[in-house]
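Inspection log for the structure reproduced underneath, given as structure tokens.
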Amino acid sequence: MTVLQDFNYFQSNSPDYLKKSFAGNLVRYAPNGMAPLFALTSMSGDKTALSVEHGYFSKTMIFPSVTINNGGTAYDASTTTFVVDSSAQVLVGDLLRSEVSGEIMQITAIADSTHITVERSIGAIAAAGSTSVADNAVLYQIGNAFDQASNRPASRLMTPTRILNYTQIFRNSWAIPGTISAIEAIVGSGNVAESRSDCALFHAADIEKSIIFSQKSQATGPSGQWRTTMDGLVETTRLLAPAGNTTTAGATTTYTQLEAMLNGQFDVITDQRNGNDRIAFVGGSARSVINNIGRLNGTYQLMDGQTSFGLQFMTFKTSRGNFRMIEHPMLNSNDVWKKMMLSVDLPSIKLAYLPGRKQQNQEYGPKVDIPDSGQDSIGGTLTSELTMEILNPAANAVVYGLTAAAVG
């Protein structure tokens with residue numbers, strides 16, 4: 001059973017047990033439409049924003065280390081007090097390992113932010129001078145060890161990073177003259193239904209574009225009222241992920257280069273159950289490049305009697321991750337976006353809505369929400385106010401300019 005089927009059949013053994021959200025219905029009715037990322041967020045749940053200014057926290061696992069700082073001089077084998085760049089990550093009791101000599105030492109005291117005292121040679125490898133503790137050498141923490149009946153150790157905390165984003169108001173309307181609403185359509189569900197449907201698709205597409213490309217801002221808008229916009233996936237990745245997670249491909253791209261551009265996002269994991277899987281939203285050109293990388297780096301044969309030929313890859317793998325490609329119709333709307341790839345760690349993304357502002361629908365005209373204004377027409381407006389949380393920006397990647405494939 002697919003993920004979507006699991007969602008629909010959740011604890012019910014029958015389809016459509018769960019009421020669908022606006023985004024959830026996009027998965028059902030338009031899985032290949034203009035807003036696949038917005039649609040897929042419905043399956044990971046959404047959150048509530050309590051203010052236009054929405055803050056959330058992201059925490060990254062700490063892998064402690066210290067860097068020797070002795071003014072260009074190495075310590076000798078008998079030295080037990082070191083000056084380091086910072087002692088902030090380590091605690092008394094931690095075991096440190098020299099990657100040069102293999103010597104292990106234990107921290108016995110931390111005098112201040114730049115001085116630590118250690119016991120040398122914890123294990124079989126004897127203390128050494130410059131090979132273990134040269135200036136700028138990095139000693140990595142490999143665990144800790146305590147005596148029997150030892151006192152409680154100090155706590156180690158992962159300092160959360162506060163990320164601030166703003167809600168963004170999306171509004172789309174539909175309207176048709178009363179005459180048109182009364183005319184029976186030859187095909188389709190009727191003029192009113194068609195106009196409503198078009199409005200919903202435009203609304204979803206506008207949200208999708210901002211989820212990907214929007215940048216955070218606050219200012220007085222054209223009407224003189226306050227206006228805010230949110231940071232989307234591209235901007236959050238650029239600002240908060242390591243620099244290598246946003247790259248631009250060269251004139252040609254080999255498999256080795258593609259792997260290097262996607263490698264950094266696997267250094268951190270959002271969800272252990274989904275640690276190495278990504279959804280790769282691609283434009284048509286980027287998809288062709290990736291398919292051609294597969295074709296150029298493999299072999300295939302054409303046999304007599306075949307009536308079709310060619311290769312088409314919907315997924316690809318690197319040494320560290322699995323990628324399921326979805327060709328995004330919106331990325332095909334211009335030549336620049338066609339060459340883009342957005343590698344998305346879906347569990348890291350949440351949408352947060354202000355209460356009562358999740359796809360609010362108001363219609364005007366006879367027998368609907370808003371009384372007749374005197375105009376001979378009917379219509380309505382969809383309004384959404386939301387912001388985006390990316391709890392683990394480093395688990396996502398953006399690649400620009402995938403132009404042509406090459407062997408390698």
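Would you kindly state how much longer the chain becomes between R156 and S130 on full extension, computed as 0.36 nm times their sequence separation minus their alpha carbon distance, in nm to one decimal?
Full-extension gain reported as 6.4 nm.
Once a ≥ b ≥ c are taken as the square roots of the eigenvalues of the Cα gyration tensor of region 66-144, is the result rounded (a/c under 1.5), prolate (a/b larger than b/c) or oblate (a/b not larger than b/c)? All intermediate terms of the calculation are to be shown ahead of the outcome.
Details: a/c = 1.55, a/b = 1.06, b/c = 1.46.
Oblate, since a/c reaches 1.5 and b/c is not below a/b.
Given a Förster distance of 22 angstrom, what is the FRET efficiency for N276 paired with Y300, based on the Cβ-Cβ distance and rounded to 0.05? List each step's numbers first, then the result.
Working: r = 27 Å, r/R0 = 1.23.
That gives a FRET efficiency of 0.20.
Which one of A124, Q106, L95 has its Cα pushed farthest toward the positive end of the charge dipole of region 82-145, where Lys and Arg give +1 and Asp and Glu give -1 at the Cβ?
Of the candidates, A124 comes out farthest on the positive side.
Can you list the residues, at least 5 places off or on another chain, whose amide H is less than 5 Å from the amide H of A137, using H built in the peptide plane?
Under 5 Å from the amide H of A137 lie the amide H atoms of I68, each far enough along the sequence or on another chain.
For region 152-166, just list the computed ³J(HN,Hα) in residue order, Karplus coefficients 6.51, -1.76 and 1.60, θ = phi - 60°, integers in Hz, with x standing in for Gly and Pro.
Residue by residue, region 152-166 yields 4, x, 5, 8, 10, 10, 8, 5, x, 9, 7, 10, 10, 9, 10 Hz.
Considering Cα pairs under 8 angstrom that are at least six residues apart, work out the relative contact order of region 94-180 and quote it in whole percent.
28
Under 5 Å between amide H atoms, partner at least 5 residues away or on a different chain: which partners does A77 have, H built in plane at 1.01 Å?
Here the answer is G129, since their amide H atoms fall under 5 Å of that of A77.
Could you work out how much longer the chain between V336 and V92 gets when fully extended? Use 0.36 nm per residue separation minus the Cα distance between them, nm to one decimal. It would help to have the intermediate numbers written out before the result.
Numbers: separation 244, 0.36 × 244 = 87.84 nm, distance 5.31 nm.
That pair, V336 and V92, stretches by 82.5 nm at full extension.
How high is the relative contact order of region 63-139? Use alpha-carbon pairs under 8 Å, at least six apart in sequence, and give a whole percent.
About 40 percent, as a whole number.
Which links in K47/K209; K209/K317; K216/K350; K216/K358; K59/K209 stretch past 23 Å when you go from one Cα to the other?
K209/K317; K59/K209, as the Cα separations exceed 23 Å there.
Please sort 287-297, 391-401, 51-61 by packing, taking for each peptide the average over its residues of neighbouring beta carbons within 10 angstrom, highest first.
391-401, 287-297, 51-61
Values quoted throughout were computed directly from the atomic coordinates according to the rules given, and no laboratory measurement underlies them. Predicted model, so just to flag it, every value in this text is computed and none were measured. When we count neighbours, we look across all protein chains shown, and the Cβ atoms used for this are built from the backbone with ideal geometry, even at glycine.
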